[in-house]
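The values are calculated or read from the model by the stated rules, or taken from the named source; none is laboratory data. Predicted model, so just to flag it, every value in this text is computed and none were measured. Cβ coordinates were reconstructed from backbone atoms using ideal geometry, including for glycine residues, and neighbour counts include every protein chain displayed. The protein model used for the area step is the full one, side chains on, heavy atoms only, and it has no ligands, DNA or RNA in it. Shrake-Rupley method; radii C 1.70, N 1.55, O 1.52, S 1.80 Å.
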Amino acid sequence: MRQTDQIGRLGTTPPVPGRPTIFRWAAVLSALLFLFLTWQIAVGGALRRADERLGDVIGAGRLPKRAAELLADLGNITVALPVLAAVLGYAAWRARRDGVPRWWKPPVTAALTMAAVPLLVVPIKETVDRTGPAVMGPGTGFYPSGHATTAAVAYGACLLLLLPYVRGAYARRELVIGYTVLNAAVGLGLVRRGYHWPLDVVGGWCLSVVLLYVMCAVWAGRAPRG
């Protein structure tokens, strides 16, 4: 097989080109949902009250607190950033080795996307000024969850960088499922430990979908497909 064929199969700038994806619509719907949730949280709407009741139920659940703490820690920058850095290094090395044009663009864009997380999350936290669960005391600034956003963006960037190098539809599907389960576990841990309300986590996920979509659009130089 020629080198150019190998590059086309394994070194394609993610996401791999193909049929139109639902990624664009997922980003649009996530942005709209984020705006709606932010409004409900800010004005103390019915959804916020229901969210806090649900958070109390999950917080009193049977998941051991030690296990919940471990799951929540997966959203810490001290855990997520080293994983992302390792994948960035691998993706850059692999793309350069395969002779992919502008091999540096996806890793650099992924790093900048990760850096954008606190630049977006912190001002929103300060603006919405939401109080947290009782165990967190009288402080504010809990919406959206920085841990949930960090985990979703960091591991999502890892996923999108690695997918072009994973052979077989089954392996790719399992990788996506693993990413989904991982983020659900982080969210559960955050709520069970009382660090966040459920909608704090959902808001972080919505924001991460938009960020990952923009990241892929920059990679491709157009709306992502694949």
field: Sparsely packed chymotrypsin sites (Phe, Trp or Tyr not before Pro) within the stretch 89-122, loop by DSSP, other Cβ within 10 Å at most 14
entry: TRP104
task: With everything on Cα atoms, drop me the angle between helix 23-43 and the longest principal axis of the chain, reported from 0 to 90° to the nearest 10.
output: 20
statement: Checking GLY61, GLY137, GLY44 against a Gaussian network model of the chain (alpha-carbon springs below 10 Å), the top fluctuating residue turns out to be GLY137
statement: Expected max-MSF residue from PRO164, PRO138, PRO118 in the GNM of the chain (alpha carbon, under 10 Å) is PRO138
query: Leaving out ligands, DNA and RNA, what percent of the accessible area of the chain is carbon and sulfur, probe 1.4 Å?
result: 68
task: List the relative contact order of the chain as a percent without decimals, with contacts defined as Cα pairs under 8 Å and 6+ residues apart.
output: 39
message: How much length would be gained if the chain were fully extended between LEU81 and ALA171, taking 0.36 nm per residue of separation minus their Cα-Cα distance, in nm to one decimal?
response: 30.0 nm
- request: Quick one: which residues, 5 or more positions from ARG130 or on another chain, have an amide H under 5 Å from its amide H? H modelled 1.01 Å from N in the peptide plane, none for Pro or chain starts.
  value: GLY141, PHE142, TYR143
task: Taking only protein heavy atoms into account and a 1.4 Å probe, give the accessible area per residue of the stretch 58-190 in Å².
output: 51
- request: State which stretch of the chain is the longest one without any exposed trypsin sites (Lys or Arg not before Pro), exposure meaning a DSSP loop state and at most 14 other Cβ atoms within 10 Å.
  value: 103-166
message: Between ALA111 and ARG24, what's the calculated FRET efficiency when r is the beta-carbon distance and R0 is 25 Å? Round to 0.05.
response: 0.60
- line: Whole-percent tail of the Cα-Cα distance distribution for the stretch 44-164, cut at 20 Å, equals 56
message: If you average the C-alpha positions of the stretch 119-136 and of the stretch 166-199 separately, how far apart do those two centres end up, in angstrom?
response: 22
- prompt: Helix 146-162 sits at what angle to the longest principal axis of the chain, using alpha carbons and giving 0 to 90 degrees rounded to 10?
  reply: 20
message: For Rg and Dmax of the Cα atoms in Å, pick the label among [x] 18.6, 64; [y] 16.3, 49; [z] 17.9, 57 that corresponds to the value derived from the coordinates.
response: [x]
query: Relative to the present Cα-Cα distance, how much length would full extension add between ALA42 and ARG102 at 0.36 nm per residue of separation?
result: 17.3 nm
statement: Per GNM of the chain with C-alpha springs under 10 angstrom, the most fluctuating residue out of ALA91, ALA42, ALA169 is ALA169
